[in-house]
Every structure is written in C-alpha cells, then in structure tokens.
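See structure below.
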Amino acid sequence: MSLILCDKDQYVEELMILKTIAETLNESNDMKQMLQTTLERLLELTHLETGWIFLVGDKPEYDKMADFNLPPALAREDKKPMRCGDCLCLRMHWAGSLNEPVTIIECERLYNAIEQSWGETGNLTHHATIPLTVQGKRLGLLNVGSPGKEHFSAGELALLQSVAYQIGTAVERTRLSEQKEKQAVDSISRFIVDYYAKASKVTRYLWKINDMNKMYTAIVEQLAQSFDWPSVAMITSDENDDLHLRTFRQNGVTHNLKELVRKGSKKTSKKTGSVHRAYEEQKVVVHEGPVRILPGVQPYMYTAALPLKHHERIFQTYEMVGVLFIGRENPSFSELEIQILEVLAEHISLAIEKICLYYEWQDLLLVEERNRLARDLHDSVNQKLFSLSLLAQGVREQTLHENSDTAEAMSDIGQLAQETLTEMRTLIWQLRPSGEAKGILGSLRDYAEKLGIQLTFLMKEIPELTKQVEGTLYRIGQEALNNVSKHAGTNRAWIRMEKVGPHLYMKISDQGRGFTPSSSEQHHRSLGLTSMKERAAEIQGTLSISSEEGTGTMLTVMVPLWTEKEVVDA
C-alpha cells in the first residue's frame with residue numbers, strides 16, 4: 001500500500017477510495033455479501049493482498065463474515081483457524097482497549113500456524129486491526145495486511161479507520177433493516193395466527209348448528225364479536241337468483257329480516273354495488289369510502305363483500321349461496337387479510353351447505369318413513385279391508401233368502417268396509433312423496449338397485465311436474481343408468497335435480513372411466529344418446545353430455561318449467 005503522495009493527490013485518492021467503498025456498501029442488503037464485496041474492493045483499491053472481517057458479540061461470540069486471499073495455513077479445513085479460538089485483537093476488543101486502529105506486530109493465528117505446522121503463511125506476519133464502530137458501539141474488526149508488510153503509517157490507519165466507520169454504519173443499518181424485516185415477519189405471523197385462531201373458533205361454533213335461521217344469526221354475531229367488526233351482514237340468494245338481506249349486526253345489535261336487495265337473474269342485473277359485484281363475479285370486492293351499500297346498514301369507510309359459494313365435487317360446478325358483508329372504519333383490507341377472508345368464506349359456505357344436506361337427509365328420512373308406512377298399510381290393513389269387503393258380500397249372498405236382517409247387516413258391513421278401503425287408498429296415496437320428481441327419484445332408485453348401482457341424490461326444492469315431463473325424465477334416467485352399468489366400470493352414480501330460474505335441471509354423473517369422442521365406446525353409446533336427446537326435445541328440453549377419459553361422465557338435462565296458464569295458452 002503506497003499512500004506517500006503529495007498532499008493533493010493523496011487527498012483525491014482517499015476521497016475516491018471512500019466514495020467507491022460507500023457505493024459498494026450500498027449495492028446489497030445481504031450482510032455477508034455486502035462485507036465480502038466491500039473487503040475485496042478495499043484490498044483492490046489499497047493494493048493490499050489479504051484481509052478478513054469479524055463481527056464480534058459478547059465474549060466468546062464472534063463470526064468471520066468475510067475473507068480474501070487467506071494463506072493456506074489459515075484457509076485449511078474450511079478456514080477452521082479463522083472460525084475457532086480467539087486471538088489478541090479479539091481479546092482487546094472484548095476488554096474495551098481497542099479504540100483506535102493498530103498494527104498487530106505478530107498475529108497470534110499466524111504464529112500458531114507456524115508453531116503447529118498448519119501450512120504456508122506466505123510471509124504474512126503483520127496486519128492492521130481497525131475496530132468497526134458506530135456512535136461508540138463496538139461491532140467488529142477489520143483486519144488487512146500483505147506479505148512482508150510490517151508497518152502501517154498514521155495516514156494509512158486513518159484512511160482505514162474512515163473506511164471502518166463506513167463499514168460500521170452499513171453493518172448497523174443492515175442489522176436494523178434485518179431487525180425491522182424480522183419484526184414485520186413476526187408481526188405478520190402473529191396476525192395470521194391470530195386471524196386463523198379467531199376464524200377457527202367461529203367455524204367450530206358454526207358447525208354445531210343445524211338450523212339455517214340460527215346459522216345466519218350466528219354468522220354475523222360470531223364474526224362481529226370475534227373480530228370486533230362494527231357491521232357484519234348475511235345476504236342470501238334464492239332459486240330465482242334474487243338476493244335478500246337476511247340478518248345483520250351493527251354496533252352490537254342483531255337485526256333479523258328478509259329484505260330484497262337484488263331482483264332478477266345475474267345475467268340481466270345492472271347493479272354495480274360491491275355486494276352485487278361479489279355475487280356476480282364470484283370474487284372478493286373491497287370498497288373504500290362511506291357509501292350506503294345495504295338498506296338499514298350505515299355507511300363505513302372500508303367494506304368487503306365476500307361471495308359464499310358451494311363447490312359441487314361430483315358435478316364440478318359452483319353454486320352461489322350468497323354474500324358476506326363486512327364494514328368498519330379502519331384499517332383498510334390488506335391483500336393478506338383478503339386471502340384469509342376468502343378461506344373464512346369457504347368455511348362458512350361449507351357450514352351452510354352442511355345444513356342444506358342435513359335438511360335433505362331429513363326429507364329423505366321422512367320420505368322413506370312415509371313410503372314404509374304406505375307399504376305396510378297397503379300390504380296389511382288395505383288387504384284385510386278388501387278381504388272383509390269380499391267376505392261380507394259372500395255372507396250377504398248366502399243369507400239373502402234365509403235371513404233378511406243378517407243379509408242387510410252384512411250389506412252394511414260390506415259397504416262400511418268398502419268406504420274404509422277407499423279412505424285407506426286415499427291415505428296411502430297421500431303418504432306418497434309429494435311432488436312428481438320425488439316419485440321419479442324413488443323409481444330411479446329402485447331401478448338402480450336392480451342394476452347393482454349405488455345411487456345418491458342431491459336435490460333442491462323443485463315444483464310439481466306434469467306426467468309427460470315426469471315420464472320423459474324417468475326414461476332418460478333409466479338409459480343413463482344403463483350406460484353407467486354397461487360402460488362406466490363403476491357401481492356408483494349421482495343424480496342432482498334443482499330448479500334454476502324458469503328451468504329444471506337433472507344431472508346424472510359417475511366417476512367411472514369415461515370416454516373420448518373418438519373411442520369405440522362412443523359408437524356403442526350413440527344410439528342411446530340420440531334416443532335421450534330426442535326424448536328431451538319432446539318436452540322442449542335439451543340434453544348434453546360431457547366426459548373425459550379417466551374422470552367419469554356427466555349427463556345434463558334442462559327442461560323449461562311451464563306454468564298451468566302457459567300450458568293452456570299454448
């Protein structure tokens with residue numbers, strides 16, 4: 001290192017060195033990379049050959065953060081001599097006696113390397129040690145040297161100390177930055193954990209509920225209380241795609257109602273509010289600004305509308321359930337919070353769907369019990385009443401000429417038995433499942449049992465069907481179940497029936513091996529598929545089929561629902 005120049009040249013060179021080091025320190029926020037690059041640049045600028053940097057903590061803690069061109073004796077075994085044990089400069093640092101740059105006349109690590117024959121030292125015997133400090137805080141040590149160099153001038157040490165101040169400042173800045181990042185990460189982690197803990201508590205509570213009205217109330221109350229939100233509302237959809245404000249909690253008070261907030265199907269709606277957009281676009285919509293969004297709910301600075309939807313795994317469709325609305329004055333909804341809210345909305349959707357399935361299960365139990373009772377009445381009481389009527393008729397015939405009083409009494413008994421039989425048949429008919437579609441499903445269930453297919457129904461509230469529609473859907477269902485039995489390679493199938501707007505949908509699905517349009521199976525199925533399409537067309541309906549090899553097949557029938565007046569007008 002040669003800094004013996006004229007004062008002006010020396011001053012300019014030192015400024016250039018300090019400028020270059022400052023620029024180098026700002027190139028990276030990674031501590032190790034920053035110190036390694038800076039050390040290499042410093043050695044290049046000062047024409048020194050070797051150096052290393054320690055960041056030092058309380059005794060006996062220290063880390064070698066950077067090094068360059070160490071002699072073999074110090075680089076052996078993955079630089080073990082630089083990582084283990086202490087030395088004079090470290091002991092001086094811990095003792096608080098190293099406040100200025102010094103020249104270490106005989107480096108202890110180099111001395112040990114020679115004494116224990118660790119390898120070549122490259123004639124490196126001395127080095128300069130410069131403390132890394134910032135505002136009096138000791139951070140570490142900068143060591144530099146060259147083979148054969150045994151002395152550092154005051155000017156050289158002064159320059160190295162200036163560089164060390166720069167390095168110390170950069171180290172402290174980087175540590176503070178890392179600390180802030182860690183605090184930010186810790187804060188985000190706590191936020192996520194706390195949020196999910198509250199969400200988990202809410203969903204555990206909701207899963208215990210089996211009543212839909214109680215569910216709506218519980219959703220708004222639990223969310224408002226758990227997250228301290230001033231306003232939470234539940235908006236639900238019906239079969240006509242109308243949206244109703246069912247319940248909301250505002251400032252600690254719960255309001256239960258059913259007020260229309262959106263009329264008509266989403267295809268024709270021109271509403272642009274966040275609730276309407278969330279429902280139509282099936283995504284979270286956040287709004288900033290105090291705008292009244294729902295009737296009776298006061299404006300809030302920040303609002304979020306979360307779509308509630310159910311994913312039908314078997315039929316691979318999404319069914320909108322409604323919208324969850326949240327209003328608060330602060331803070332705004334961050335991207336992270338929105339992602340967590342989406343998960344929360346999914347759990348709430350599942351809890352609502354669970355109640356719907358519970359209701360359907362209850363309906364099926366009721367239907368099965370009514371069917372069982374109807375069969376028992378038909379097989380026992382109905383048959384006995386019929387036998388009693390025949391017996392009374394026979395006794396009357398035998399006693400008609402011998403005992404007119406007995407014959408008349410038998411006639412009365414026969415008449416009473418016939419009337420009772422008529423009433424019993426009416427009662428049995430009334431015990432049959434309400435709605436023609438329930439009859440279809442019962443018949444298809446029986447047919448599936450004959451084919452050895454386990455059939456599962458997923459059914460919404462549907463209207464009564466005409467005899468023609470009933471018969472057509474049953475024949476289509478028969479053919480679809482035949483295809484499952486013959487071609488699907490599975491013994492399970494699902495049927496879903498629901499009213500959507502002015503149409504009735506029947507979907508029959510399996511998760512068998514499926515087929516592709518070019519496969520030979522398509523040819524074998526084509527006649528049955530053509531027949532089903534023709535049957536659907538007879539009732540002004542449509543039929544479509546989708547299948548993919550290895551994933552199963554789904555058949556969809558869409559039938560328009562005509563009102564009695566429309567049928568007469570037609």
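The values are calculated or read from the model by the stated rules, or taken from the named source; none is laboratory data. Note that the structure is a prediction, hence the values are computed from the model and not measured. Cβ sites come from the backbone with ideal geometry, for glycine too, and all protein chains shown count toward neighbours.
Here are the numbers for the structure shown:
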quantity	calculated
Number of the condition not met by residue 367 [criteria: (1) at pLDDT below 75; (2) exposed (fewer than 14 other Cβ atoms within 10 Å of the Cβ)]	(2)
Boolean, residue 183 is modelled with pLDDT of 90 or more and either within 25 Å of the chain's Cα centre (by Cα) or surrounded by fewer than 17 Cβ atoms within 10 Å (Cβ to Cβ) (or both)	no
Filter result for the condition that a residue is over 17 Å from residue 169 (Cβ atoms), surrounded by 17 or more Cβ atoms within 10 Å (Cβ to Cβ), in the same structural domain as residue 164 (by TED's automatic domain parsing) and at pLDDT below 90, over 49, 14	14
Conditions (1) farther than 23 Å from residue 172 by Cβ; (2) among the charged types (D, E, K, R); (3) surrounded by 12 or more Cβ atoms within 10 Å (Cβ to Cβ): number failed by residue 138	(1)
Subset of region 199-216 [of a type in the set (Gly, Ala, Ser) and either in contact (Cβ under 8 Å) with a residue 24 or more places away in the chain or in contact with a Pro (Cβ under 9 Å, 6 or more places away or on another chain) (or both)]	199
Contacts under 8 angstrom Cβ, first residue in region 267-279 being under 13 Å from residue 306 (Cβ atoms), partner modelled with pLDDT of 50 or more and hydroxyl-bearing (Ser, Thr, Tyr), 6 or more apart	274/303; 279/237
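Let's see how each residue does on (1) surrounded by fewer than 13 Cβ atoms within 10 Å (Cβ to Cβ); (2) over 30 Å from residue 64 (Cα atoms); (3) not assigned by TED's automatic domain parsing to the domain that holds residue 295:
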residue	(1), (2), (3)
149	no, no, yes
187	yes, yes, yes
203	no, yes, yes
219	no, yes, no
223	no, yes, no
